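Heads up: the structure comes next, in structure tokens.
The values are calculated or read from the model by the stated rules, or taken from the named source; none is laboratory data. None of the values given here were measured: they were computed from a predicted structure. Cβ atoms come from the backbone with ideal geometry, glycine included; neighbour counts cover every protein chain shown. With ligands, DNA and RNA removed, areas are computed over all heavy atoms of the protein, side chains included. Shrake-Rupley method; radii C 1.70, N 1.55, O 1.52, S 1.80 Å.
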Amino acid sequence: MSTLRALVLYWSGGGNTRLVAEALARGLESQGAEVRLLSLAEAEAEEADPEAYHLVCLGSPSYHFGVAAPVRRYLEDLQQRGRALGYPQFGSPAGPRRWGVAFVTYGGPHTGIEEATPAGDFIAQALRHLGRQVRGIWYTVGAFHGDPDREHNLLGWLGDIRGRPNEHDLGVIESNARGLAYVLQHELDAADQP
């Protein structure tokens, strides 16, 4: 029987996305998955190969309706490497045992979650182009850092977001990851049956 192998990658400017990545990794590990948790800088320094993992989870904060510049550069580099492996294919079929999750943190002071969905869609589309079946696009509210009483933390669509992601927010991610790991491990087990 195969054990689910997962790579959780993130870029985090203020720490929100790192906290979500850690919760995601905990949830996967709680179901027996082998998890590698790396910042993008660590992944690039170690030349971590996403192709060695069944599940690739990639996270970014939403900046100006998009992903952070380091995430965009990483995905562009990954696309170049993917071309050498024959991706994207017409119709972007998912390869066997190849899954992905996009996760995004956002403050949404002006229009709420709509400020984050382009970033999630961008990551998910990049994963699909690499032959991965996207099993989730997860959004988590995160406070703006610096002055905790900034208008962005108090007056936006989401109300007072100081201290977020909070314990509840991280618990939702951990629970989602636990459920996903359970399902994917069962899919691996079924594929291993003669």
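Here is how the numbers come out for the structure above:
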read-out: Residues being farther than 16 Å from V104 by Cβ, without any contact (Cβ under 8 Å) to a residue 60 or more places away in the chain and either aliphatic (A, V, I, L, M) or assigned to a loop (DSSP other than H, G, I, E, B) (or both) - total across segment 166-181; value: 1
read-out: Close pairs (6 angstrom Cβ cut-off, 6 or more residues apart or separate chains): touching a residue at least 12 places away in the same chain (Cβ under 8 Å) in segment 40-53, part of a helix (DSSP H, G or I) and surrounded by 11 or more Cβ atoms within 10 Å (Cβ to Cβ) anywhere; value: L40/P70; L40/Y74
read-out: Single condition G86 does not satisfy, out of (1) modelled with pLDDT of 85 or more; (2) farther than 20 Å from L55 by Cβ; (3) surrounded by fewer than 17 Cβ atoms within 10 Å (Cβ to Cβ); value: (1)
read-out: Segment 8-20 - residue that is part of a helix (DSSP H, G or I) and touching a strand residue (DSSP E or B) at 6+ places or on another chain (Cβ under 8 Å) and, of those, surrounded by the fewest Cβ atoms within 10 Å (Cβ to Cβ); value: R18
read-out: Qualifying positions in segment 124-183 - among the basic types (K, R), open to solvent by 80 Å² or more (accessible area, probe 1.4 Å) and more than 23 Å from L55 (Cβ to Cβ); value: R150, R162
read-out: Single residue of segment 53-76 satisfying the filter (farther than 13 Å from W11 by Cβ and at pLDDT below 95) that is surrounded by the most Cβ atoms within 10 Å (Cβ to Cβ); value: F65
read-out: Residue within segment 149-165 that is outside any loop (DSSP other than H, G, I, E, B) and within 15 Å of the chain's Cα centre (by Cα) present; value: no
read-out: From A45, A23, residue being on the phi < 0 side of the Ramachandran plot, modelled with pLDDT of 95 or more and assigned to a helix (DSSP H, G or I); value: A23
read-out: Subset of segment 90-110 that is open to solvent by 40 Å² or more (accessible area, probe 1.4 Å) and within 27 Å of T3 (Cα to Cα) - its residue that is modelled with the highest pLDDT; value: R97
read-out: Pairs where the first residue, in segment 182-194, is in a helix (DSSP H, G or I) and at pLDDT 95 or above and the second is small (G, A, S) and exposed (fewer than 13 other Cβ atoms within 10 Å of the Cβ), C-beta under 8 Å, 6+ apart; value: Q185/G32
